[in-house]
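A.B. asks: Have a look at this one.
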Protein chains: 2
Amino acid sequence: MPAFVMVGRKVCTDPKFSLNDLTGSTGRLDVLLRCVNSAFMLSNDIRRNVEIYLVLLGEPDPPRAILFRGKELKYLNPDERSTAALVKNALMKDAGADWVNSTPGIFTARKDLAGILEELGGRRIIYLKEEGDKISGINLDESDVFVLGGKEDLSPVEEALLDGRPETRRVTLGPRSLHADHCITIALNLLDNSLKE
Amino acid sequence: MPAFVMVGRKVCTDPKFSLNDLTGSTGRLDVLLRCVNSAFMLSNDIRRNVEIYLVLLGEPDPPRAILFRGKELKYLNPDERSTAALVKNALMKDAGADWVNSTPGIFTARKDLAGILEELGGRRIIYLKEEGDKISGINLDESDVFVLGGKEDLSPVEEALLDGRPETRRVTLGPRSLHADHCITIALNLLDNSLKE
């Protein structure tokens, strides 16, 4: 199943954030919430074969990873606010090295990008960047792992981590610089169409 | 410039809606807000060559159209809540047959789908549907008008209006049934790539 990994460099790891100020006071959690929507939402259905890992690196308690697993996911709605409430629930859990379950299909652990990549093993990494190989020249596969920076790009250390793996490809979706959630929507549509044909 | 037309059959036309309950009490205004995000948001930029027409048909004062024109647009942010505040401002204006300006780049008028299509003249209509011609077989053009249903499909009367025009094509983006905002993201990416090549 395709996986997405999304880093939120400044996204708040305190569950006490306000649902009424998702853009101003959460270190741009709203960006990650829109990515969750893009990863799962179909008209009257959820993409059961998708997973998304959110990596929260903001204060006061980084790193914190939140995994949404389509197969088991419940209570997900398309709007930002209700997804933020699910993230809030996950942040309330004590997180350790192993995943703990929050609500159905949502898990949390104390992991950073390196930890997530280790867990995803030898799967091909598609690092979505403005500069890279055109996606039209790539045969996408259901086992691909798509990595995206959030509001800011990945750090040099994180980029080195990706580029140090033989299975990493830097790939661009087109001539415009896109938001991460839009990249996920486009990647999944390309995958839908490539598997259908 | 490409235009999108999005019908919200039950979307509330009263500016007094609550910003804290966009999903529950607005007749699904949140769906339209996400469409506005998809139509304009680039990473650190706005698509200046795009227009989107929202057609609100809910109580108490339908029909009400709100036009977002990229060329002049200001104060647009990617989150749902702040875009909802812009819609609220537009709904506070007295609307008549002609467009009146609300905030920069945002206009409102008393128009339904028929009125909008009349205004858009003889441009080709791409009616995005689950069943239709594959988009990969179509040469997209910057002057295309993309029409989408909202939470519900268009009414039989509205569909007859579209199908009665010789320049209408029913087009599908892929094998899955997608949300309207995701359709806009995919259509714009296809347009970006077709114009670039």
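The values are calculated or read from the model by the stated rules, or taken from the named source; none is laboratory data. Every value quoted in this text rests on a predicted model; they were computed, and no experiment measured them. Here the Cβ positions follow ideal geometry from the backbone for every residue, glycine too, while neighbour counts run over all protein chains shown. Note: areas computed on protein heavy atoms with side chains; ligands, DNA, RNA excluded. Shrake-Rupley method; radii C 1.70, N 1.55, O 1.52, S 1.80 Å.
A.B. asks: Considering every residue within the range B:167-189, establish whether at least one is more than 26 Å from B:Gly27 (Cα to Cα), at pLDDT 95 or above and in contact with a Ser or Thr (Cβ under 9 Å, 6 or more places away or on another chain).
C.D. replies: yes
A.B. asks: Among the residues in the range B:82-89, are any open to solvent by less than 10 Å² (accessible area, probe 1.4 Å), within 17 Å of B:Gly115 (Cα to Cα) and at pLDDT 95 or above?
C.D. replies: no
Every residue, every condition in (1) free of Cβ contacts under 8 Å to residues at least 40 places away in the same chain; (2) within 20 Å of A:Asp21 (Cβ to Cβ), yes or no:
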{"residue": "A:Asn37", "(1), (2)": "no, yes"}
{"residue": "A:Leu42", "(1), (2)": "yes, no"}
{"residue": "A:Asn49", "(1), (2)": "no, no"}
{"residue": "A:Asn77", "(1), (2)": "yes, yes"}
{"residue": "A:Pro104", "(1), (2)": "yes, no"}
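A.B. asks: Would you check which residues across the range B:167-197 are more than 8 Å from chain A (Cβ to nearest Cβ), assigned to a helix (DSSP H, G or I) and polar (S, T, N, Q) and list them?
C.D. replies: B:Ser194
A.B. asks: May I pose another question? What do you reckon, is A:Glu152 modelled with pLDDT under 95, in contact with a Ser or Thr (Cβ under 8 Å, 6 or more places away or on another chain) and either closer than 24 Å to B:Asp45 by Cα or open to solvent by less than 40 Å² (accessible area, probe 1.4 Å) (or both)?
C.D. replies: Values: modelled with pLDDT under 95: yes; in contact with a Ser or Thr (Cβ under 8 Å, 6 or more places away or on another chain): no; either closer than 24 Å to B:Asp45 by Cα or open to solvent by less than 40 Å² (accessible area, probe 1.4 Å) (or both): yes.
Judged against the criteria, A:Glu152 is not a match.
A.B. asks: Based on this model, can you work out whether A:Ser38 counts as within 12 Å of another protein chain (Cβ to nearest Cβ), surrounded by fewer than 16 Cβ atoms within 10 Å (Cβ to Cβ) and either under 21 Å from A:Ala95 (Cβ atoms) or hydroxyl-bearing (Ser, Thr, Tyr) (or both)? Give the derivation first.
C.D. replies: Working: within 12 Å of another protein chain (Cβ to nearest Cβ): yes; surrounded by fewer than 16 Cβ atoms within 10 Å (Cβ to Cβ): no; either under 21 Å from A:Ala95 (Cβ atoms) or hydroxyl-bearing (Ser, Thr, Tyr) (or both): yes.
When the stated conditions are applied, A:Ser38 does not pass them.
A.B. asks: With respect to A:Leu117, determine if the residue is buried (at least 21 other Cβ atoms within 10 Å of the Cβ) and in contact (Cβ under 8 Å) with a residue 40 or more places away in the chain. Walk me through how you get there before you give the answer.
C.D. replies: On the way: buried (at least 21 other Cβ atoms within 10 Å of the Cβ): yes; in contact (Cβ under 8 Å) with a residue 40 or more places away in the chain: yes.
In short, yes.
A.B. asks: From B:Asp21, B:Asp61, grab the single residue that is open to solvent by 20 Å² or more (accessible area, probe 1.4 Å) and closer than 14 Å to B:Lys111 by Cβ.
C.D. replies: Unique residue meeting the criteria: B:Asp61.
A.B. asks: If you go through the range A:11-35, how many residues are more than 11 Å from chain B (Cβ to nearest Cβ) and touching a strand residue (DSSP E or B) at 6+ places or on another chain (Cβ under 9 Å)?
C.D. replies: 6
A.B. asks: Looking only at residues in the range A:63-106 that are within 14 Å of chain B (Cβ to nearest Cβ) and of a type in the set (S, T, N, Q), which one is nearest to the chain's Cα centre (by Cα)?
C.D. replies: A:Thr83
A.B. asks: Would you point out the residue of the range B:120-141, among those that are within 14 Å of another protein chain (Cβ to nearest Cβ), closer than 16 Å to B:Phe4 by Cβ and not β-branched (Val, Ile, Thr), that is most open to solvent (accessible area, probe 1.4 Å)?
C.D. replies: Going through the qualifying residues, I end up with B:Lys129.
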